[in-house]
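The block underneath contains the structure these notes are about, expressed in structure tokens.
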There are 4 protein chains.
Amino acid sequence: MASKLVAIIAGVGPGTGASVARKFAKTYPVVLLARKPENFESLADEINKNGGKAIGISTDVSSKDSLASALSAIEKEFGTNVGAAAAIFNASGGFLRKPFLEIDPSVFEQSLNVSALGGIVFSQAFLPLLLKAKEQGSEHPPTLIFTGATASVKSSAQLASFSTGKWALRALSQSLAKEFGPQGIHVSHAIIDGVIDIPRTKEWLKDLGPEAKLSSDGIANDYWYLHTQPATNFTWELDTRPAVEKW
Amino acid sequence: MASKLVAIIAGVGPGTGASVARKFAKTYPVVLLARKPENFESLADEINKNGGKAIGISTDVSSKDSLASALSAIEKEFGTNVGAAAAIFNASGGFLRKPFLEIDPSVFEQSLNVSALGGIVFSQAFLPLLLKAKEQGSEHPPTLIFTGATASVKSSAQLASFSTGKWALRALSQSLAKEFGPQGIHVSHAIIDGVIDIPRTKEWLKDLGPEAKLSSDGIANDYWYLHTQPATNFTWELDTRPAVEKW
Amino acid sequence: MASKLVAIIAGVGPGTGASVARKFAKTYPVVLLARKPENFESLADEINKNGGKAIGISTDVSSKDSLASALSAIEKEFGTNVGAAAAIFNASGGFLRKPFLEIDPSVFEQSLNVSALGGIVFSQAFLPLLLKAKEQGSEHPPTLIFTGATASVKSSAQLASFSTGKWALRALSQSLAKEFGPQGIHVSHAIIDGVIDIPRTKEWLKDLGPEAKLSSDGIANDYWYLHTQPATNFTWELDTRPAVEKW
Amino acid sequence: MASKLVAIIAGVGPGTGASVARKFAKTYPVVLLARKPENFESLADEINKNGGKAIGISTDVSSKDSLASALSAIEKEFGTNVGAAAAIFNASGGFLRKPFLEIDPSVFEQSLNVSALGGIVFSQAFLPLLLKAKEQGSEHPPTLIFTGATASVKSSAQLASFSTGKWALRALSQSLAKEFGPQGIHVSHAIIDGVIDIPRTKEWLKDLGPEAKLSSDGIANDYWYLHTQPATNFTWELDTRPAVEKW
């Protein structure tokens, strides 16, 4: 029996996650994971309507159990020999700039739970499906991509609740790249440095011109490009920012 | 009423923590935090016998409540206007090299709890005492030091359970250095790269000669040196390793 | 009068340079710069024979005067309003592993001259052509790419004669990315980490399997991908290595 | 015949170089290298008057021949079995912020010559003296220190003429640390991040308070501290900046 390869995307909001889903849906059935159904429902509808295939699964990506349920749902839909051509971790703890001593420890805990532990349990849940895709001879090397940020490499004042999780996630991605690269899995980390152009940021940076914000479709192109790199040429990390961005 | 400045050291085992405690005890009363009393009892005895002053407090450094209890014990002993000349976070999640898919998520959680969240709640508990020491005109700028490792800047295969916490801790230290430097608090991060010479490592690296392992007293000297730097010359980070170490 | 956009490639040997030239020649006339004609002659012939357009110019890329001559030759061939869609600096000082005290200073000088000063004068010679392409409304943002190596970010023992030039080149690329990004020029640096699969390395790493060496065509794809990124999503740096590479 | 150990300092201006010379002169005869005698004359006089021993040698640190002359002068003064307890490279190409296309290549060349090639030929000239000190059983491990800057790790727009040399110098220091550490030589790189408090900068940053500028004596203390680290605990790199510095 022929198997199906899917692409799994965790953290689908209006920006990167949705663009990545649309991009990968041109080739693979996509699985959309988000806590709240309203974050994936209309996107799944849109993809299904446009000739793609998408299912959304309400999932807490920081919970091993919730991810196990998601996996069951995926296997129910696509069969137990389903493999993953790509797994993309785009979830993140909340961005908060606040004096350190005024932040409740639960905020840090939450950030570490989503950005760091989330990345870990997501990887543990779906690396087996990526390895399965490799065994099944996927066209492109199965790819595990993590979305990073400026705060993944630079830890600003008052931003520790965000950066601690992001640095941990980057550490995870580097370790996994070294462990699973030799097994044929392509692990990447993208440093997204700038404001993404979504409805919520419509009014931001207007004085810097129409190209001051990152295109989420551009990020999706980057992720797809990473996915298509051959095993002889794996990129672990790239940074991306608008041309006019100060850095 | 004259106040007392203390040095607080979390994570006192046989190596770095004990050496740091002895070094700082030459100038300040020291507070030794460790979960198990056997980790600080003989050290406290030794310091008290040698003319210093030390108290040990059984503390879970990843727990806000446990740190609050420790703070109460410190204030009971040294008065409520006690300030901290130094707070040193030397605790760490366990070092484990193991295939990623064979590691239970609880191991990652534990590592993030101690290395990352521990550093956070430790800093939240004792930064107020460091700021108090600054107000009270401490001789040296109050100093918050975090112990890092090679795995703080490099994330090797099969080592993610250790490195994720260590990268998060480094992010914390950089953010705090930027936020609290301008408030007169010196925040540092030391990358300890190599094997520390303690009884447990006695037989290690013997073929590389007597200087192949880090001296924990040397590390304590580094920490003391950082502590004595003036506000015009704060070092955030230094690395340290044996001369013969490959890197 | 309509202008022509060309792609200029410095350092065309049997590996990366040739693959990049072939790739960009599918879209642009290419200008091949190398000191020795035998390094570009057969490649130019091949491209011209296959329907592309290529000219080779014997050039010392570390010499301002030699680059000025190259520019004259380009303008003579393509007109004085010629713009550059891409300029790719793939030249490098020689790789040498040798005890530091046994290396003649002229070796360091030569390496700095090619890798560092070469990158500088190459950029000064051709950034005006990239800016001209931008003015002329090139389809893709004009792109300046530098080829880096593992030694661009890590400086090993006995390798200083190579790494000093490579670090300097990386510094150049970062500064130029920040200065010329806002002017619409895409400046990138690629860390090529591993052995490239060329005739000279045919017998290397054979025990690691057929995918142990970097494909130079893969690198050319990366460079082309960078070239096609829109101004909202510029990647400054990416690393690339074989899946099985240890790092 | 007993040998003398000296400390050699290249680049003695009014700031770091002079402070370092005074500091090391408390223990060792110091050799002051600068192109212009007016940069070392009064400093040498001051040290000699205060009970230390200093000689100044007019030297172009980017010239192998000039350094060979300096070495002859040192051996003439201190004997041919003279060893160096420390060699400190504090010279630097000029700091220039200017649009890239307006900088004459000779400026880059000059910067690379002093910062990069200078560091190389300085190291080749005096590493043999450091190794001699090691053989002779110096009290502290012989130490080779390079002065870096913010621009050693960050390459800003319009600053490439300065940063290219500084990155190359940092690469040199890392390679030498790895090669000569195992031979007992301590090689360090100090990232000096901020304005140094010297007569020329008297009016700078006044609104940030009296501690907004680096103390050159503080830097000298750092260098001395590095010098006194034992072979079990070598620091390659530290950064240092005023507490109030933004970074």
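The values are calculated or read from the model by the stated rules, or taken from the named source; none is laboratory data. All figures in this text were calculated on a predicted structure; none of them were measured in a lab. All Cβ positions, glycine included, derive from the backbone under ideal geometry; neighbour counts span all protein chains shown. Accessible surface is based on the protein model in full, side chains and every heavy atom, while ligands, DNA and RNA are left aside. Shrake-Rupley method; radii C 1.70, N 1.55, O 1.52, S 1.80 Å.
Things worth noting here:
- D:L43 vs. criteria over 20 Å from D:L130 (Cβ atoms) and surrounded by 23 or more Cβ atoms within 10 Å (Cβ to Cβ): yes
- For the range C:199-214, the criterion of being more than 15 Å from the chain's Cα centre (by Cα), open to solvent by less than 10 Å² (accessible area, probe 1.4 Å) and not hydroxyl-bearing (S, T, Y) is satisfied by at least one residue.
- Among the residues of the range A:126-152, the ones that are within 30 Å of B:V187 (Cβ to Cβ) and either open to solvent by less than 30 Å² (accessible area, probe 1.4 Å) or in a loop (DSSP other than H, G, I, E, B) (or both) come to 6 in all.
- The number of residues in the range A:22-32 being touching a strand residue (DSSP E or B) at 6+ places or on another chain (Cβ under 6 Å) and touching a residue at least 40 places away in the same chain (Cβ under 8 Å) comes to 4.
- Among the conditions (1) small (G, A, S); (2) outside any helix (DSSP H, G or I); (3) open to solvent by less than 20 Å² (accessible area, probe 1.4 Å); (4) in contact with a Lys or Arg (Cβ under 8 Å, 6 or more places away or on another chain), the only one that D:A190 does not satisfy is (4).
- Check on A:V12, farther than 30 Å from A:L159 by Cα, in contact with a strand residue (DSSP E or B) (Cβ under 7 Å, 6 or more places away or on another chain) and β-branched (V, I, T): no
- Screening the range B:155-187 for residues that are more than 8 Å from chain A (Cβ to nearest Cβ) and outside any helix (DSSP H, G or I) and picking the one that is nearest to the chain's Cα centre (by Cα) gives B:V187.
- The set of residues from the range C:123-141 being without any contact (Cβ under 8 Å) to a residue 60 or more places away in the chain and of a type in the set (A, V, I, L, M) comprises C:L127, C:L130, C:L131.
- Within the range D:113-125, considering residues that are more than 15 Å from D:S188 (Cα to Cα) and of a type outside the set (A, V, I, L, M, F, W, C), the one farthest from the other protein chains (Cβ to nearest Cβ): D:G118
- Only listed residue being free of Cβ contacts under 8 Å to residues at least 60 places away in the same chain, within 23 Å of D:W236 (Cα to Cα), open to solvent by less than 20 Å² (accessible area, probe 1.4 Å) and among the hydroxyl-bearing types (S, T, Y), chosen from C:S155, C:S161, C:S175: C:S155
- Complete set of residues in the range B:193-242 that are part of a loop (DSSP other than H, G, I, E, B) and out of contact with any strand residue (DSSP E or B) (no Cβ under 7 Å at 6 or more places or on another chain): B:I198, B:K202, B:E203, B:W204, B:L205, B:G209, B:P210, B:E211, B:A212, B:S215, B:P230, B:A231
- Residue in the range D:99-109 that is within 16 Å of D:V61 (Cα to Cα), out of contact with any Cys (no Cβ under 9 Å at 6 or more places or on another chain) and open to solvent by 30 Å² or more (accessible area, probe 1.4 Å) present: yes
- Residue list for the range D:196-246, restricted to those being aliphatic (A, V, I, L, M), free of Cβ contacts under 8 Å to residues at least 40 places away in the same chain and more than 10 Å from chain B (Cβ to nearest Cβ): D:L205
- Test: residue in the range D:82-96 that is in a helix (DSSP H, G or I), more than 12 Å from chain C (Cβ to nearest Cβ) and at pLDDT 95 or above: no
- Criterion violated by A:I74 - all others in (1) crowded, with 18+ Cβ neighbours inside 10 Å; (2) part of a loop (DSSP other than H, G, I, E, B); (3) under 19 Å from the mean Cα position of the chain (by Cα) satisfied: (2)
- Taken over the range C:86-109, the residue count meeting the criterion of being over 26 Å from D:L130 (Cβ atoms) and not hydroxyl-bearing (S, T, Y) is 9.
- For the range D:47-64, the count of residues that are buried (at least 17 other Cβ atoms within 10 Å of the Cβ), touching a Gly at 6+ places or on another chain (Cβ under 6 Å) and assigned to a helix (DSSP H, G or I) is zero.
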